[in-house]
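Comments concern the structure below.
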Amino acid sequence: MTVKHFSIGGMSCAGCVAGVEKVLEGVAGVESSAVNFSEHTADVEGSFATEDLINAVKDAGYEASLLQSEEDTAEKEAAEFEHYRNLLKKSLVAALIGVPLFILGMSGLLPDLNTTQGQIIWFLIGLATAFVLWFSGGHFYTGAWKAFKNHNANMDTLIALGTGTAWIFSMVITIYPDLVPALARHAYFEAAAIIIALINFGSALEMRARGKTSEAIKRLIGLQPKTARVVRDGKEVDVAISKVGLDETVRVRPGEKIPLDGVIVDGHSSIDESMLTGEPLPVEKKLGDDVVGGTMNKSGTFLFQAKRVGSETALAQIIALVRKAQNSKPAIGKLADKISAIFVPTVLIIAVITFLLWFNFAPGLVAEEMRISYALVTTMTVLIIACPCALGLATPISIMVGVGKAAEFGVLIRNGEALQTAGKLNTVVMDKTGTITNGQPSVTSVINYGEWQQEDVLMFAGSIEKGSEHPLAEAIVNAADEKNITLFDSQNFSAVVGHGVTAIIDGHQVLLGNAALMQKNNIDFEQAEAEAQSLAEQAQTPMYLAVDQQLAGIISVADLIKEDSARAIKALHRLGIKVVMLTGDNKHTAKAVAEQLSIDEYFAEVLPEDKEQKVALLQSQGNVVGMVGDGINDAPALARADVGFAIGTGTDVAIESADVTLMRGSLLGVVDAIAISKATVRNIKQNLFGAFVYNGLGIPVAAGILFPLMGILLNPMIAGAAMAMSSVTVVSNANRLRWFRSAEMTK
């Protein structure tokens, strides 16, 4: 099962989305499809023949092409830019004819249709307007005809009917003025031309604004270099990225972007990973460390072995995830699509009803001979103002910007549903180890007693633990190494289960362990008991050290709380979210961490398989629950939660159990995800409200509902301008999300 990315051409409004999706899902082998109107693309999943799908889309009156590479995307963008320029050109040509006509008409300088000379002039004007309809508006009529042949109706249908009816009526009364009373002899050529100009200009502005919404994807694509310097046969040669194979050795020099994912085999450096993870500080890398394609090498030069190439690189996976999320639709977006699909046919019915009402019941409001003019004007205005573009753009345009913005901060949101739900969370459950804490124990305190110094305590503890693989032992050995303390080999080493270890170190009998070990060996440790108890209450693990039957010190180890965990939890509290901690640690450690961070509730000594039950319990109490974990032993709980947040690492981006992947190991990513969700959903609601209000008020006003009360009729040209600008307004409002700032930046 594969997902292919297609460019879809010829979609004129949101009403086309349902039609295209129906065509796509009718192709043999297609499992699902998601059409993004704002980007004019489609993601299609299944086992299908690409050619069959493209032909089916073309048969339905649209265009389709497979987007396989950066070059394909560049071609699509170039074509869209050319289309943007053509729209501006068409708008200008229509305005050059329509605007002078409008000014001359308002000034009373155009001749009367009642004279032969006037008829000739108006006929010539009609021909000029016909040129406008062909040159500047031809795509509307072509689109309307294709839609008609496929039993559909879209924005092109409305514009073609509105402007076409105006032109035909105007030409008929120009040639046969006696068909209507003298008062009704008004041509609407200027209205048709100006409407075409305004709609083309609005579409151009919309395209330009839409281009900004995909900047996040463009930046991600731009991160990957075009070439890599590969070591082959002892020589360094520059080759295209696509030509680099697995396990090849690649050279990276200072200031260069790392081309692929791999492992350092020679040298060291500091690497700026901010564009991928959102982490502002460079990360030190040494022999054996992973490097990620697209990140920036800052200072040193090094060699690395390529471990992921092509679509397997972290950057390629991120781009795929972001694209998939941008094309997905939350519930609120699916509702808008359903409404858009039936909107145009509904408007056509309203337009017919408007014409009939004015033609049959206008005599009581206007002069008898004017009813045909009023019926025509109101019908044309309804058709022009009612385009559902703004309604169809409202959701996808905000999703695109929101998901893209999240990716800039190292927050990968898998789908629109997760984006919508994250803003509704009122409870966030967190695993402790590796999520709230670093997940890596380290020495936090070294206390010495008697004749021994702190360095002696570390030396004895490090020496006795040197051969152990236990995480606490590793922390002690690392602490000794950092202080350049020489460690000795142990003799007569013995591990006492549940108590600690004993050995001979440099001729001294050494014991390292808990109080039970001291008691068993008759070591007097009373003077250190209060200190050890205090350390234990601070979520540290104290160990007593005895040398030659005398207490020598205490060394304590703890899994330190991440620097930004406290700030993230405070930020969640400010958002009104309850924070719950789950941990397999003992109650004393859990309590100490919870109190230190002001965590609302905690569950200690929880087995990994029981975490899911705790999440389910919170949900049964009416909470909307988010779960934050490492994506491995927390997978069931992540899947159970309303939104699962997986703590990732720059290269581990394919954690299937989570809805959101946090590429940097910071809880501030959760705050960012929730804040972006709230901002995006708020933006979508603003767009939908504006679109519904626009159409809900615009159509009745266009139909003439205010005329009996206030004598006001909406000019079709004003309707055209309003329709054009409604889409621009929606896209511009969505682009405000580009100014969102992360929790890291607002600390």
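With a Förster radius of 60 Å applied to the beta-carbon distance between GLU77 and THR486, the computed FRET efficiency rounds to 0.45. Peptides 719-725, 477-483 ranked from most to least packed by the mean count of surrounding Cβ atoms within 10 Å: 719-725, 477-483. Here region 137-266 is treated with +1 on each Lys and Arg Cβ and -1 on each Asp and Glu Cβ, and its dipole about the Cα centre works out to around 140 debye.
When each of the peptides 60-66, 425-431 is scored by the mean number of other C-beta atoms lying within 10 Å of its residues, the order from highest to lowest reads 425-431, 60-66. Extent along the principal axes, Cα only, for region 113-172: 44, 19, 14 Å, with the longest axis given first. Over region 257-395, accessible surface divided per residue gives 39 Å², non-protein components excluded, 1.4 Å probe.
In the set (1) 125, 65, 48; (2) 76, 62, 50; (3) 73, 63, 53, the label that goes with Cα extents along the principal axes in Å computed for this structure is (1).
Classify region 575-619 from the C-alpha gyration tensor, please: rounded if a/c falls under 1.5, else prolate or oblate depending on whether a/b exceeds b/c. It is oblate, given that a/c is not under 1.5 and a/b is not larger than b/c. With K and R counted +1 and D and E -1, the other residues having a Cβ less than 13 Å from that of VAL265 yield a net charge of -1. Fully extending the segment from GLU63 to ARG574 would add 179.1 nm, taking 0.36 nm per residue of separation and subtracting the current Cα-Cα distance.
Based on protein heavy atoms only, region 660-747 ends up with 41 Å² per residue of surface accessible to a 1.4 Å probe. For VAL429, nonlocal amide neighbours, meaning residues 5 or more places apart or on other chains whose placed amide H falls under 5 Å from its own, are VAL580, GLY626, MET627, VAL628.
The charge dipole of region 487-633, taken about its Cα centre with unit charges on the Cβ of Lys, Arg, Asp and Glu (plus for the first two, minus for the last two), comes to roughly 600 debye. Among the listed pairs LYS76/LYS243; LYS226/LYS298; LYS307/LYS432; LYS338/LYS578, which are separated by more than 27 Å between their Cα atoms? Going by Cα-Cα distance, LYS307/LYS432; LYS338/LYS578 fall outside the 27 Å limit.
Proximity of backbone amide H atoms, modeled 1.01 Å from N, is registered between ASP261 and GLY293, LYS307, ARG308, ALA314 at under 5 Å, excluding neighbours fewer than 5 places apart on the same chain. Leaving ligands, DNA and RNA out of it, report the carbon-plus-sulfur percent of the accessible area of the chain at a 1.4 Å probe. Carbon-and-sulfur percentage of accessible area, whole number: 56. Report the calculated FRET efficiency for PHE135 and LYS685 (r = Cβ-Cβ distance, R0 = 51 Å), to the nearest 0.05. Result of the calculation: an efficiency of 0.80.
For the chain, the longest principal axis of the alpha carbon atoms and the long axis of helix 189-213 meet at an angle near 10°.
Phi-derived couplings, Karplus 6.51 cos²θ - 1.76 cosθ + 1.60 at θ = phi - 60°, listed residue by residue for region 715-730: 5, x, 5, 5, 4, x, 5, 5, 4, 4, 7, 4, 5, 4, 5, 5 Hz, with x used for Gly and Pro.
Here the relative contact order of the chain, from alpha carbon pairs under 8 Å that lie six or more residues apart, stands at 14 percent. Beyond 18 Å in Cα-Cα separation lie the following of the pairs LYS562/LYS614; LYS324/LYS405; LYS22/LYS146: LYS562/LYS614.
Centre-to-centre, using Cα atoms only, region 126-185 and region 366-395 are separated by 14 Å.
With both labels modelled 7 Å from their Cα along Cα-to-Cβ, the GLN549 to ASP289 distance reads 4.9 nm. Cross-link partners for LYS483 among the aspartates and glutamates, with Cα-Cα distance under 18 Å and sequence neighbours closer than 8 places in the same chain left out: GLU455, ASP456, GLU465, GLU474. In terms of its C-alpha gyration tensor, region 219-356 comes out prolate, because a/c is 1.5 or above and the ratio a/b outweighs b/c. In vacuum, with every alpha carbon of region 279-355 counted as one equal point scatterer, what does the Debye formula give for log10 I(q)/I(0) at q = 0.13, 0.18, 0.19, 0.24 Å⁻¹? Two decimals, please. Calculated log10 I(q)/I(0) at the listed q: -0.65, -0.90, -0.95, -1.15. Place +1 on the Cβ of every Lys and Arg and -1 on the Cβ of every Asp and Glu in the chain, take the dipole about the Cα centre, and give the residue among ILE175, ALA42, GLN686 whose Cα lies farthest towards its positive end. Of the candidates, ILE175 comes out farthest on the positive side.
Round to the nearest 0.05 the FRET efficiency obtained for LEU246 and SER299 when R0 = 25 Å and r is the Cβ-Cβ distance. For LEU246 and SER299, the calculated efficiency is 0.35. What is the distance in Å between the Cα centres of region 215-247 and region 411-463? Region 215-247 and region 411-463 have Cα centres spaced 36 Å from each other. Answer with one residue from GLN326, HIS83, VAL309: the one whose Cα lies farthest towards the positive end of the charge dipole of the chain, charges on Cβ with Lys, Arg +1 and Asp, Glu -1. Among GLN326, HIS83, VAL309, the one farthest towards the positive end of the dipole of the chain is HIS83. Residue ranges 259-265, 523-529, 672-678 sort as 672-678, 259-265, 523-529 when ordered by packing (mean number of other C-beta atoms within 10 Å per residue, highest first).
Placing dummy labels 7 Å off each Cα toward the beta-carbon, the span from GLN454 to VAL99 is 7.8 nm. A Cβ-based charge dipole, computed about the Cα centre of the chain with Lys and Arg at +1 and Asp and Glu at -1, lands at about 3500 debye. Our note on the geometry: Cα centres of region 311-346 and region 10-58, 12 Å apart.
The values are calculated or read from the model by the stated rules, or taken from the named source; none is laboratory data. A quick note: this is a predicted structure, and the numbers were derived from the prediction, not measured. When we count neighbours, we look across all protein chains shown, and the Cβ atoms used for this are built from the backbone with ideal geometry, even at glycine. The protein model used for the area step is the full one, side chains on, heavy atoms only, and it has no ligands, DNA or RNA in it. Shrake-Rupley method; radii C 1.70, N 1.55, O 1.52, S 1.80 Å.
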